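J.: Submitted below is the structure of interest, expressed as C-alpha cells.
The numbers here are math on the coordinates, done by the rules we state, and not lab data. What you see is a predicted model; the values in this text were computed from it and never measured. Cβ placement follows ideal geometry from the backbone for every residue including glycine, while neighbour counts extend to all protein chains displayed.
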Amino acid sequence: MDRKLRVAIIGTGSRGTGCFGQLLSGRNDVEIAALCDPNPVRMRGAAKILGITPNFYTSMEEMSKKETLDGVIITSPDACHHDCAMTALELGWNVLIDKPLATNVKDGKEIIEKAKKVGKTVMIGFNLRHHAVLKRLKEIIDSGTLGKVFLAENREFYDGGRTYMARWNRLFSMTGGLWIHKASHDFDIFNWLLGFPKPVRIASFAAVNVLNEAGLPFELENNIPAGPDCNSCHYKDICKDKWLLSDKEMEQWGPEAVKEDGYIKNRCIYMTDKDNHDNGLCILEYENNVKVSLFESFIGSKSDRLYTINGDKAIAEASLSERRITITPRWGGEITTIILPLEGGGHGGADPELVDTFCKILRGEASSTSTAEHGLLATALGQAAEMSRRQSRMVNLDEIL
Ligand SMILES: NC(=O)c1ccc[n+]([C@@H]2O[C@H](COP(=O)([O-])OP(=O)(O)OC[C@H]3O[C@@H](n4cnc5c(N)ncnc54)[C@H](O)[C@@H]3O)[C@@H](O)[C@H]2O)c1
C-alpha cells in the first residue's frame, strides 16, 4: 500500500490525544482523517493541540457515511469499549481498543464474536508488551536461562494512579474495577511472559486506605470543605496533590468542555465518591502450579513496576523505570546485570512500537499479537479478582470463563 493510512480516533481525551494523536500525527504514512467524540469542544481542542485539521463527528454512524477508513482507535472510557467496538466492527473497520478489551467477560466475548463474524481485526493496546525491559525478560525466560519458572511477582507503584480518584476511573460502573482497568496490563504480561498457561484460581484484597476524606493531608479551616475540584479548592495552595489544569489542558478540560458533558477531570481525589481501590494485592495460580502475585499502589510519587521471576536455574529481577534486569544463578556464580538504553515515547518507548504494530496490521504487513482473546483472558482475571475482593473468597476462573 503506497498511500497514507486513513485512521480515526474515537474518544479524544488524554490517551486519544496525548498518545495516539501525538504518535499518529508525527508519522508521514498516516492521516488522522477524523476524530469522533460526543464532546465537540474536547474533540476540537484535541485537533488544536495536535495541529491537525481532521473531520469531526459526534457519532460513528455519522462518521461512516462520509469517511473511508483503514482502522479506528478506541480510547473512550472502559465502559464504552463494548459499544464503540461493536459499532466500529459492524461498520467494517479494523480496531485497536486501548486496554482493557471490556469491563466484563460477557461484553468481551461479544466483541470477539462480532470480529469473527465481520472478519475484522481487533488489537488490544497492551503497550507493556512493547517495553524493552519486558521484551528482554521474555527472551530470557524463553531461552531457558531461568529454567522452569514456578513463582513470579510484580510490584507496581503508580504516581498517576492518584488521578484515577479524580475521574471516571474511580468508579466500578465505568471500569469493572481497577483489577480490570489497571491490572489487565499486568495480568496480560504474566500470561504472555509465562507462555499463556491456563489460569485456575485467584484471590485479592484491595481497599481505599488513604485517598478518602480521612486521608486529607491538611487540616480544614473553619470547616471549609476541600474540593470539589482542584481549580476551585480553598486549599489549592497547600495541597500536595493538587492538579491545576494548564492553559493547554483547558482546551479540552476547561469550563467550555465541562458545559457539554459535566466531565471535570480534576475533582478532589479525597472527597470524591469512589468504589475502586487505591491499593491492593492479588495472588493467582496457573494450572501448571506457577504462582504469581501482583501488588499495586496508587499512593505516593514513585512509579515503577518491579518484577521477580523465579525459575529452578536462576532468578530474574527487573525494574522498568531503571530499565534494569539482574539474573542471579541458583547455585551462585556470576550475577548478570543488563541495562537497556532509554527510548523516547510514552511508557518507556512502548507506545510508539504499539502504534507502529497497528499500522503494520492495517497495511497487511503484520498480524495482531495482542489479540482480543488475550484481552478477554486479562479481563477475566480482573473480573475474578474483583469478585474475590468484593465477595471475600477465592474465585475459580471456571466460574466466569
Ligand atoms: N494503554 C495504556 O497504557 C493506557 C493508559 C491510560 C488509559 N488507557 C485507556 O485509554 C482509554 C481512555 O482513557 P483516558 O484516560 O484517555 O480517558 P479520558 O477521560 O481522558 O478520555 C476519554 C474520552 O472519551 C470520550 N468519550 C466518552 N464517551 C464516549 C463514547 N461513547 N464514544 C466516544 N468517546 C467517548 C470522552 O469525551 C473523552 O474525550 C481507557 O480505556 C483507558 O483504560 C490506556
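J.: When you go through (1) surrounded by 15 or more Cβ atoms within 10 Å (Cβ to Cβ); (2) outside any loop (DSSP other than H, G, I, E, B); (3) touching a Lys or Arg at 6+ places or on another chain (Cβ under 8 Å) one by one for Ile299, which number turns out not to apply?
T.: With respect to (1) surrounded by 15 or more Cβ atoms within 10 Å (Cβ to Cβ); (2) outside any loop (DSSP other than H, G, I, E, B); (3) touching a Lys or Arg at 6+ places or on another chain (Cβ under 8 Å), Ile299 is out only on (2).
J.: What's the number of the condition Met60 fails, among (1) surrounded by fewer than 21 Cβ atoms within 10 Å (Cβ to Cβ); (2) touching a Leu at 6+ places or on another chain (Cβ under 9 Å); (3) closer than 30 Å to Arg170 by Cα; (4) of a type outside the set (Val, Ile, Thr)?
T.: Condition not satisfied by Met60: (1).
J.: Being more than 10 Å from the ligand (Cβ to nearest atom) and either more than 16 Å from Ala79 (Cα to Cα) or of a type in the set (Ser, Thr, Tyr) (or both) is the filter here, so list the residues in the stretch 157-184 that pass it.
T.: Phe157, Tyr158, Asp159, Gly161, Arg162, Met165, Ala166, Ser173 - these are the residues of the stretch 157-184 that are more than 10 Å from the ligand (Cβ to nearest atom) and either more than 16 Å from Ala79 (Cα to Cα) or of a type in the set (Ser, Thr, Tyr) (or both).
J.: Mind listing whichever residues of the stretch 1-25 are part of a strand (DSSP E or B) and within 16 Å of the ligand (Cβ to nearest atom)?
T.: Listed by number, the residues that qualify are Val7, Ala8, Ile9, Ile10.
J.: Also, quick follow-up: Helices (runs of 4 or more DSSP H) wholly in the stretch 169-247 with at least 2 residues that are crowded, with 20+ Cβ neighbours inside 10 Å and charged (D, E, K, R) - which ones?
T.: 183-193
J.: Taking into account only those residues within the stretch 112-151 that are under 21 Å from the mean Cα position of the chain (by Cα) and among the small types (Gly, Ala, Ser), which is surrounded by the fewest Cβ atoms within 10 Å (Cβ to Cβ)?
T.: Looking at the filtered set, the residue picked out is Ala132.
J.: Can you tell me which condition Phe187 does not meet? The list is (1) away from the ligand (no atom under 14 Å from the Cβ); (2) of a type in the set (Phe, Trp, Tyr); (3) out of contact with any Lys or Arg (no Cβ under 9 Å at 6 or more places or on another chain), and all the others hold.
T.: Unmet for Phe187, out of (1) away from the ligand (no atom under 14 Å from the Cβ); (2) of a type in the set (Phe, Trp, Tyr); (3) out of contact with any Lys or Arg (no Cβ under 9 Å at 6 or more places or on another chain): (1).
J.: Assess whether Leu245 counts as being free of Cβ contacts under 8 Å to residues at least 60 places away in the same chain, within 16 Å of the ligand (Cβ to nearest atom) and of a type in the set (A, V, I, L, M, F, W, C).
T.: For Leu245, the condition - free of Cβ contacts under 8 Å to residues at least 60 places away in the same chain, within 16 Å of the ligand (Cβ to nearest atom) and of a type in the set (A, V, I, L, M, F, W, C) - is met.
J.: Going by the structure shown, is Gly71 surrounded by fewer than 18 Cβ atoms within 10 Å (Cβ to Cβ) and more than 23 Å from Asn191 (Cβ to Cβ)?
T.: Considered against the rule, which asks whether it is surrounded by fewer than 18 Cβ atoms within 10 Å (Cβ to Cβ) and more than 23 Å from Asn191 (Cβ to Cβ), Gly71 comes out as no.
J.: Name the residues in the stretch 377-400 that are more than 15 Å from Gly280 (Cα to Cα) and crowded, with 16+ Cβ neighbours inside 10 Å, would you?
T.: Leu377, Ala378, Thr379, Ala380, Val395, Leu397
J.: Continuing with this model, one more query. Filter the stretch 79-103 down to the residues that are of a type outside the set (A, V, I, L, M, F, W, C), more than 14 Å from the ligand (Cβ to nearest atom) and either crowded, with 19+ Cβ neighbours inside 10 Å or under 20 Å from the mean Cα position of the chain (by Cα) (or both) and list them by number.
T.: Hit for the stretch 79-103 is Asn94, nothing else.
J.: Could you count how many residues in the stretch 26-77 are of a type in the set (Val, Ile, Thr), more than 14 Å from the ligand (Cβ to nearest atom) and under 28 Å from Arg167 (Cα atoms)?
T.: Selection size over the stretch 26-77: 2.
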